[in-house]
1. From the list GLN281, GLN208, GLN258, exactly one residue is of a type outside the set (Ser, Thr, Tyr) and crowded, with 17+ Cβ neighbours inside 10 Å. Which is it?
2. Return yes when ILE113 is surrounded by 14 or more Cβ atoms within 10 Å (Cβ to Cβ) and either within 30 Å of GLY225 (Cα to Cα) or in contact with a Leu (Cβ under 6 Å, 6 or more places away or on another chain) (or both) and no when it is not.
3. Quick check on GLY216: is it of a type in the set (Gly, Ala, Ser) and assigned to a helix (DSSP H, G or I)?
4. Of all residues in the range 231-255 being among the polar types (S, T, N, Q) and either surrounded by fewer than 17 Cβ atoms within 10 Å (Cβ to Cβ) or within 8 Å of the chain's Cα centre (by Cα) (or both), which is nearest to PHE97 (Cα to Cα)?
5. THR266 fails exactly one of the following numbered conditions: (1) buried (at least 20 other Cβ atoms within 10 Å of the Cβ); (2) part of a helix (DSSP H, G or I). What is the number of that condition?
6. List, please: which pairs have Cβ atoms under 6 Å, are six or more places apart or on different chains, and start with a residue in the range 124-139 that is assigned to a helix (DSSP H, G or I) and end with one that is not hydrophobic (A, V, I, L, M, F, W, C)?
7. Which of (1) in contact (Cβ under 8 Å) with a residue 24 or more places away in the chain; (2) part of a helix (DSSP H, G or I); (3) surrounded by fewer than 17 Cβ atoms within 10 Å (Cβ to Cβ); (4) among the small types (Gly, Ala, Ser) does ALA307 not meet, given it meets every other one?
Amino acid sequence: MAPSSARSRAADRERRSGGRHSASHGHAALTPYLFILPAFSVYAALILYPLARAAQFSLFSWDTISPAVFVGFQNYVDLARNEELRNSFVHAFVLIFFYSVLPLSVGLVIAAILNRAKVRGMTFFRTVIFLPQVIAMVVVAVAWTRLYSTDGSINALLDLVGLGSLSRAWLGDYLFALPAVGLIGSWVETGLVTILLLAGMGRIPRNQYEAARLDGAGAVRQFFGVTLPSVRGEIAVALTLTIVAALRTFDLIYMTTQGGPGTSTTVPSYEVYYQAFQLSQVGTASAIGIALTILIFGINLVINRIADKATNDVAS
C-alpha cells in the first residue's frame with residue numbers, strides 16, 4: 001500500500017506541475033500579442049474598419065439620399081465593363097512608368113555618380129535633390145501648370161531653340177496631357193529614389209570596389225557587379241513607395257487637369273472622388289477604391305517576394 005500511495009502522490013504532483021507549466025506556457029505565448037494590442041487597436045480603428053466599411057458600401061447602390069439597395073458584386077461587374085473606368089486603371093499603369101521606372105533609372109545614375117565622385121558638400125546635394133519631396137503637391141501642381149501653359153517657360157524655351165512648332169497647351173492636349181502629368185511625378189519622385197539609393201551605396205564596403213578594380217573591372221562593370229546587387233533592398237523599397245504614389249495619385253491630377261481633357265488623364269483615385277462626390281455613386285466609388293487597394297497590395301507583394309528571393313540567392 002505504501003509504495004502504491006507514494007506513486008499516486010507523485011503522479012498527482014506531476015499532473016499539477018504539468019498543468020501549471022501548460023498554463024504558464026499559454027500565458028507566455030499570449031504576452032507578445034498583448035504588447036501589440038494597443039497599436040493594433042489604433043490600426044484597426046483607423047485603417048481596417050474604414051476599409052471594411054468601404055467593402056460593405058461597394059456591395060450596395062447608394063446615392064447618399066435614397067435608401068441603399070444591395071446589388072452584390074454588380075458594382076465590380078460594372079467597373080470591369082465600363083471603358084472609362086477601365087481606362088483610368090490603364091492611365092495609372094502609365095503613371096507607374098513616370099513615377100517609378102523613370103525615377104529609378106535616373107536615380108541609379110545620379111546616386112552612382114555622387115557616390116563614386118565623393119563630391120564635397122554632399123549634404124547640400126542631398127537637400128537639393130530631396131527638395132521636391134518636401135514641397136506641398138498643390139504648390140508643385142500650380143508651378144508646373146504655369147510651366148506647361150501656352151505662354152509658359154517650356155514653350156518659351158522651345159521657341160528660343162527654334163522648335164516653336166512643337167509648342168502646345170501641354171495639359172490640354174489629348175496625347176501629351178498624361179505624359180506631362182507623369183513628368184511632374186518623375187520630378188517629385190527622383191529625389192526620394194536617389195536618397196534611398198545613396199544611403200544603400202554608402203554602406204557598400206570599399207574593399208569590394210578595390211577587389212573589382214584589381215580584377216580589371218571598369219566603372220560600368222563595378223556598377224553592375226558590385227553596386228547594383230548591393231542595393232536590391234533599397235530598390236525594392238523605392239519601387240514600393242513610388243508605385244504606391246503612382247496608383248494613389250489624386251491631388252496632382254485634381255490640380256492640373258481634373259481628369260481632362262475629356263477623360264485622358266483620369267486615374268482610379270480621381271474616379272473615386274468623381275463617382276462619390278460629383279455623381280453620388282458611393283457604391284461604384286467604393287468598388288473602385290477596393291479594387292485599387294487589392295491592386296496595390298498585389299503589386300507590392302510581388303515586389304517584396306522578388307526582392308526577398310534575390311537577397312536570399314545572393315546570401316547563399
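Just so you know, all these numbers are worked out from the coordinates, no wet-lab data involved. Keep in mind it's a predicted model, so treat the numbers as computed, not measured. Cβ placement follows ideal geometry from the backbone for every residue including glycine, while neighbour counts extend to all protein chains displayed.
1. Only one candidate passes the filter, namely GLN281.
2. When the stated conditions are applied, ILE113 does not pass them.
3. No: the conditions fail for GLY216.
4. Of everything passing the filter in the range 231-255, THR242 is nearest to PHE97 (Cα to Cα).
5. (2)
6. ILE129/GLY191; ILE129/THR194; PHE130/GLY191; PRO132/GLY191; GLN133/GLY191; MET137/ASP251
7. In the conditions (1) in contact (Cβ under 8 Å) with a residue 24 or more places away in the chain; (2) part of a helix (DSSP H, G or I); (3) surrounded by fewer than 17 Cβ atoms within 10 Å (Cβ to Cβ); (4) among the small types (Gly, Ala, Ser), ALA307 misses (3) alone.
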